[in-house]
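Taking it in order: structure first as structure tokens, then the write-up.
Please treat every number below as a calculation from the coordinates, not as lab data. Since this is a predicted model, take the numbers as computed values, not measurements.
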Amino acid sequence: MAIERLDLWGSDEEPRLSAVLSECWEMLLDGANQTQHDFHTLALATGGGAQGCSLRTVVLRAADRETREISFYTDLRSHKVGEIEADPRVALLFFSHTDDTQLRIQARARIHCGDALAAAAWAEVPPHRRRDYMVSGPPGLPWAWPTSGLPPALEDRAPSDEESRIGKGNFAVVVCTVRQMDWLYLTPYGHRRATFAWDDEDRLQTSWLVP
Ligand SMILES: Cc1cc2nc3c(=O)[nH]c(=O)nc-3n(C[C@H](O)[C@H](O)[C@H](O)COP(=O)(O)O)c2cc1C
């Protein structure tokens, strides 16, 4: 199904909420597929840590409107995984300077490691990127000197399939099921804001909001 891109000020008509929701998913899909897209990276907030809340950048890997799922990859040993296990409620923040759009998402996250979904994703990770999951200690482990955490032999080359097997064990896909989206569109003529929230029965409630 072709989705019309939003052009708020190209016409006299205000968009419908359904068109805004389609645009949100279109931007998420573009962000997952285009490395230069502003939505390719996002800020992920977790609340399950000792400090109360924690925030970091991750790369958007997949977005699926039908299942309302948004995915990123991570190292199973990283702090965020323990935080998500303690409390799966996460917040995701996207901002596109190009499209003057902020998207705030509340979601429930689940960790996939060692299953079919993780194996399929791992198969798509290029060899040089597999090194991200081959650092010798958990991300955030204190070290006595500035370190890549990699075995020295792998600092300037990609690992072989055999070598990268250890990375596969550390590799996790985090799938976030969207519960609520808050869309904010900035314009010189006054901003626009809308909310989309799904209840436990997947019923959608939408509303315009005062920006
Ligand atoms: C541009 C950019 C992209 C990143 N992408 C990811 C990612 O996709 N997954 C990930 O786990 N960490 C990614 N990181 C590193 C995280 O921001 C963070 O430093 C690391 O995951 C440790 O976070 P934690 O201690 O909260 O678990 C990225 C960092 C930057 C700057």
P(r) histogram, all alpha-carbon pairs of the chain included - 10 Å bins from 0, percent: 8, 30, 32, 19, 9, 2, 0
Among E66, E83, E201: highest mean-square fluctuation, GNM of the chain, C-alpha pairs under 10 Å: E201
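Give me the percent relative contact order of the chain, please, defined on Cα pairs under 8 angstrom at least 6 residues apart. Don't skip to the answer; put the middle values down first.
Details: 385 pairs, mean separation 40.6, N = 211.
It comes to 19 percent, rounded to a whole number.
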